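Q: Here you go, one structure.
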Amino acid sequence: TWTMRSYVETAVEQIRQQVGTERVICALSGGVDSSVAAALTHRAVGDQLTCVFVDNGVLRTGERDQVEKTFASQMHLNMRILDRTSQFLTGLKNVTDPERKRKIIGRLFIKNFEVESKKLKGIKYLVQGTLYPDVIESVSFKGPSATIKTHHNVGGLPTRMKLKLVEPLRELFKDEVRVLGQELGLPDEIIWRQPFPGPGLAIRVLGAVTKERLAILRGAETIVDQEIRAAGLYREIWQAFAVLLPIRTVGVMGDQRTYEYVIAIRAVTSLDGMTADWAKIPNEVLGKMSSRIINEVKGVNRVVYDISSKPPSTIEWE
Ligand code: XMP
């Protein structure tokens, strides 16, 4: 729209004023907010911006490739893509407590980001995709989600690294950020991406995280995602995903008894993630997901659907 076009011009001018000729760094997750913030800053200061993407080994199928394709190949942003799969999986070995998983992943992320930014030399600014509701929430609300938000927005980084913040989305709501992203030419898959937690699949493999379990979960997650999109439900559902339960149950295949993992499907509608209803997905869609997961993903012989709302349940299982 015309309004958003003039907003881009103003924002670009502001970023140039603030940053001058200094170098800027950005922790890019591939989520809507960090992607739009990075694209806008790139429009303003071009090669002065470097984005760091850390592959923490608990991403979904194709996630890293999509970020690489969009930002490096198509938009020609300076991208540092760090493959830290084995480092994170080693750190997570035998860890079952959800909060410990979060701490380990958060700490390793910050460590990698710091090391990388030191290599780049003379970085003065950090771009963050802070939205207007985040600004309001961080001054008025100190509940459990304050911790979530801190982690999500790489809290602690700016002060530790003595970086000044560039927050070009501070005045915007989510729907405006999407329009802005469109104006900047970002693809729909990024603009409409459902939220995905910083600790990634580590909190969706319940209990100990292993390569084997991650591979099973990825297979199931891909099918849930495909079927939600095919049914035209992707945008109206807040989040839809698979969870791997660390137990095995009995099944039957041909004349053989099986003893394999259970996948839970979680899908919710929500406005902001603070409260949520379990999504009334049509039975045919659930049925298709179930039979596809059991037939196509080796190691799973049972699928269940989570019919709990938040509160008292949470959206994630850990
Ligand atoms: P819960 O499970 O608390 O989730 O109902 C609310 C929203 O927050 C996301 N979530 C996280 N995001 N780091 C994040 O960046 C986290 O540790 C984390 N835990 C939950 C969750 O996916 C949902 O959108």
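Q: Given H placed 1.01 Å from N in the peptide plane, which residues other than close sequence neighbours of Val166 have an amide H under 5 Å from its amide H?
A: So Val166 has HN proximity to Leu126, Val127, Gln128.
Q: Please list, in chain and number order, the residues 5+ apart from Tyr305 or on another chain whose amide H is under 5 Å from its amide H, with Hs placed from the backbone.
A: So Tyr305 has HN proximity to Ile265.
Q: If you plug each phi of the stretch 179-192 into the Karplus form 6.51 cos²θ - 1.76 cosθ + 1.60 with θ = phi - 60°, what whole-Hz ³J(HN,Hα) values come out, in order, with x for Gly and Pro?
A: Karplus values, whole Hz, x for Gly and Pro: 4, 4, x, 5, 4, 7, x, 6, x, 3, 4, 8, 4, 9.
Q: Can you tell me the length gained on complete extension of the stretch Ser86 to Ser308, counting 0.36 nm per residue apart and subtracting the Cα distance? Walk me through the intermediate numbers first.
A: Numbers: separation 222, 0.36 × 222 = 79.92 nm, distance 3.47 nm.
Gain in length upon complete extension: 76.5 nm.
Q: If only Cα atoms are counted, what is the Rg of the stretch 225-289, and what is its Dmax, in Å?
A: Over the stretch 225-289's Cα set, Rg and Dmax evaluate to 14.7, 48 Å.
Q: While we're on this one: Just subtract the alpha-carbon distance of Ser73 and Arg229 from 0.36 nm times their residue separation and send over the number in nm, one decimal.
A: Working: separation 156, 0.36 × 156 = 56.16 nm, distance 2.54 nm.
Working it through step by step, the gained length comes to 53.6 nm.
Q: How big is the charge dipole of the chain about its Cα centre, in debye rounded to the nearest 20, if each Lys and Arg gets +1 on its Cβ and each Asp and Glu gets -1 on its Cβ?
A: Here the chain has a charge dipole of around 1120 debye.
Q: I'd like to know how the stretch 33-87 sits against the 2.2 N^0.38 Å rule of thumb: what's its Cα Rg over that expected value?
A: The stretch 33-87 yields a ratio of 1.15.
Q: Who wins for biggest fluctuation among Gly57, Gly46, Gly287 in a Gaussian network model of the chain, springs between alpha carbons below 10 Å?
A: Greatest mean-square fluctuation among the candidates belongs to Gly287.
Q: Let me ask something additional. Normalising by the residue count of the chain, find the relative contact order in percent from Cα pairs under 8 Å and 6+ residues apart. Can you show the working numbers first?
A: On the way: 505 pairs, mean separation 53.0, N = 318.
Once divided by the residue count of the chain, the mean separation gives 17 percent.
Q: Further, regarding this structure: Viscosity 0.692 mPa s, temperature 37 °C: Stokes-Einstein D of the chain from its Kirkwood Cα radius, in µm² per second?
A: Numbers: Rh = 20.8 Å.
Reported coefficient: 158 µm²/s.
Q: With θ set to phi - 60°, apply the Karplus curve 6.51 cos²θ - 1.76 cosθ + 1.60 along the stretch 203-215 and write out the HN-Hα couplings as whole Hz, x wherever there is a Gly or Pro.
A: Whole-Hz 3J(HN,Hα) from phi for the stretch 203-215: 9, 10, 8, 5, x, 5, 9, 10, 4, 4, 5, 4, 5.
Q: If one computes the Cα centroid of the stretch 214-285 and of the stretch 86-114, what distance in Å separates the two points?
A: 25
Q: Give me the dipole magnitude in Debye, nearest 20, for the stretch 224-280 about the Cα centre, with unit charges on the beta carbon: positive for Lys and Arg, negative for Asp and Glu.
A: Values: 6 positive and 7 negative charges, 16 e Å.
It works out to roughly 80 debye.
Q: Projected onto the charge dipole of the stretch 2-191 (+1 at Lys/Arg Cβ, -1 at Asp/Glu Cβ, origin at the Cα centre), which of Gly122, Val45, Gln18 gives the Cα projection farthest towards the positive end?
A: Gly122
Q: Here is a follow-up. Going by C-beta contacts inside 10 Å, put Met253, Met79, Met289, Met161 in order with the fewest on the left.
A: Fewest-to-most ranking of Met253, Met79, Met289, Met161: Met253, Met161, Met79, Met289.
Q: Report ³J(HN,Hα) in whole Hz for each residue of the stretch 117-127, in order, from the Karplus equation J = 6.51 cos²θ - 1.76 cosθ + 1.60 where θ = phi - 60°; Gly and Pro get x.
A: 6, 5, 4, 6, 6, x, 6, 10, 10, 10, 7
Q: Quick one: which residues, 5+ away or cross-chain, put their amide H under 5 Å from the amide H of Gln239? H built at 1.01 Å from N.
A: Val268
Q: Here is a further query. Roughly what % of DSSP beta bridges within the stretch 204-305 run antiparallel, to the nearest 5? Write out the running numbers ahead of the final one.
A: Details: 15 of 21 bridges.
Antiparallel: roughly 70 percent of the beta bridges in the stretch 204-305.
Q: Sticking with this structure for a sec: Taking the chain as a Gaussian network, where each spring joins two C-alpha atoms under 10 Å apart, which residue of Glu167, Glu212, Glu227 fluctuates the most?
A: Its mean-square fluctuation being the largest, the pick is Glu212.
Q: Related question: Quick check of the Kirkwood formula: for the stretch 1-121, what is the inverse mean of 1/r over all pairs of different Cα atoms, in Å?
A: Every distinct Cα pair counted, the radius reaches 15.9 Å.
Q: Which value, in debye to the nearest 20, gives the size of the charge dipole of the stretch 204-305 about its Cα centre, when Lys and Arg are +1 and Asp and Glu are -1 at the Cβ?
A: My answer is approximately 260 debye.
Q: On a 0 to 90° scale, report how tilted helix 283-296 is relative to the longest principal axis of the chain, with both axes built from alpha carbons and the result rounded to the nearest 10.
A: 80
Q: Assuming R0 = 35 Å, can you tell me the calculated FRET efficiency for the pair Leu165 and Thr61, based on Cβ-Cβ distance, to the nearest 0.05?
A: 0.60
Q: Right, here's the next one. Enumerate the residues in the stretch 253-295 having an amide nitrogen under 12 Å from the point lying 7 Å beyond the Cα of Thr210 toward its Cβ.
A: 261
Each reported figure results from applying straightforward, stated rules to the coordinates on display, with no laboratory input. Computed from a prediction, not measured in an experiment: that's the story for all the values here. Using ideal geometry, Cβ is built from the backbone for each residue, glycine included, and neighbour counts are taken over all protein chains shown.
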